[in-house]
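In what follows, a structure is listed as structure tokens, so that the remarks can point back to it.
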């Protein structure tokens, strides 16, 4: 993941603002908030503005995913993309055990713990596939993004190194 982030940073650095680089990376599935905060570390940005930009960028697509992805996937299943959609659904559901078990709190934990394969995109997809209501999923996802952002900021900005 670091190689992809470094490639994006090197490609756009000097061409667009550092904040916009962080914002764009935070919206990309898989990279999301974690990737954007790593990029901010490469770009030597300050914590507060980076954190706000990364959270906003990561959350921007989430309401659309929660409200529209089932309709988009239903349509895509009628096209040549059916196998890809089924693969994405199965991947999200395979990681959704804690969400099934703990509901909203499980969704929060799923998004909040910054591990590969977790995050707002996958959490949103899992919430839709588990038929969670929008109002029951948006707040846990938002709080999970905030928590993951704080954890990643502590790592990316070397705050933990300064404390220890």
Contact order normalised by length for the chain, with contacts defined as Cα pairs under 8 Å and 6 or more residues apart; what percent is it?
25 percent
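Can you sort 108, 102 so the residue with the fewest Cβ neighbours within 10 Å comes first? Numbers along the way, then the final one.
Numbers: 108 24, 102 14.
By the 10 Å Cβ count, ascending: 102, 108.
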Estimated Rh, the chain: Kirkwood, alpha-carbon pairs, angstrom:
16.2 Å
Computed [θ] at 222 nm, deg cm²/dmol, the chain (DSSP H ≥ 4; -39,500 (n - 2.57); rounded to nearest 500)
-23500 deg cm²/dmol
From a point 7 Å beyond the Cα of residue 100 in the direction of its Cβ, which residues of segment 30-71 have a backbone N at a distance under 13 Å?
none
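By the gyration tensor of its Cα atoms, with a ≥ b ≥ c the square roots of the eigenvalues, what is the shape of segment 24-112: rounded for a/c under 1.5, prolate for a/b over b/c, or oblate? If you can, show how the numbers build up before the last one.
On the way: a/c = 2.40, a/b = 1.62, b/c = 1.49.
Prolate is the answer for segment 24-112, as a/c is 1.5 or above and a/b outweighs b/c.
Take the Cβ-Cβ distance between residue 11 and residue 64 as r, set R0 to 35 Å, and report the resulting FRET efficiency rounded to the nearest 0.05.
0.85
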From the C-alpha gyration tensor of segment 73-164, square roots of 5λ in Å
29, 15, 10
Degrees, to the nearest 10: 134-156 long Cα axis against longest axis of the chain
30 degrees
At R0 = 35 Å, FRET efficiency that the Cβ-Cβ distance of residue 43 and residue 75 yields, to 0.05
0.35
What do you get for the angle between helix 82-94 and the principal long axis of the chain? Use alpha-carbon atoms, 0 to 90 degrees, nearest ten.
70 degrees
Taking the Cα atoms only, what angle lies between the long axis of helix 18-27 and the longest principal axis of the chain, rounded to 10 degrees?
20 degrees
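Laboratory data are not the source of any read-out in this text; all were calculated from the coordinates shown. As the structure is a prediction and not an experimental result, all values here were calculated from the model. All Cβ positions, even for glycine, are placed from backbone atoms using ideal geometry, and neighbour counts span all protein chains on display.
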